[in-house]
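Please treat every number below as a calculation from the coordinates, not as lab data. Please read these numbers as outputs of a predicted model, since none were measured by experiment. As a convention, Cβ positions derive from the backbone with ideal geometry for all residues, glycine included, and neighbour counts pool all protein chains shown.
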Amino acid sequence: MRFLGSIEAKTDSKGRAFLPAVFRKVLSASGEELLVMRKDIHQDCLVLYPESVWNEQLDLLKKRLNLWNAAHKQVFRKFVSDVEIISLDGNGRFLIPKRYLKIANIEQSIKFIGMDDTIEIWSNDGDGQPIMDAQEFSRQMEELMGGNGNEQEKELTA
């Protein structure tokens, strides 16, 4: 399951939004019906996890935690308590609870960003830019992918 792209949308006065059709098709093709919403742990956006992806993340986290460790238990509690189960209505709409609208600084204009197996929801009203500028992206990709290609060459000759 792969969600790709960036789509602008709006919430209505009750905080409802239409999940973009392209993302609904991916969910439907994967047999997913429920989504889990939580605030991103690093940035002021919301993340929608298909139920199966959420369960994988939860299992991975549980494997890394020692629930006899008080701090680990607090991390786990925070991770699982700050979630909302989301289901789409017949038209593909879902409700973003008011507390999540506030957390993500969403007024009305939003941006959905497909992030492989999850979907991010960003406020499109303010200054927060979820996407880095082209120059920084180029620099980071060069650094990440090896820059001059020597690493790939070393792998081929090893």
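Worth pointing out:
- Residue-wise HN-Hα couplings along region 40-47, as the Karplus relation 6.51 cos²θ - 1.76 cosθ + 1.60 with θ = phi - 60° gives them from phi, are 4, 6, 10, 10, 7, 9, 9, 10 Hz; Gly and Pro carry x.
- Structure-derived percent of Cα pairs over 22 Å apart: which label, when the choices are (1) 34; (2) 44; (3) 52: (3)
- Kyte-Doolittle at least -0.5, axis length at least 24 Å by Cα - qualifying DSSP helices, the chain: none
- Charge context of K98, other residues only, Cβ under 14 angstrom, K/R +1, D/E -1: +2
- In region 1-54, GluC sites (Glu not before Pro) in a DSSP loop with at most 13 other beta-carbon atoms within 10 Å: E33
- For region 57-136, the relative contact order comes to 15 percent (Cα pairs under 8 Å, sequence separation of at least 6).
- Proximal charge balance of C45 [Cβ under 10 Å; K/R count +1, D/E count -1]: -1
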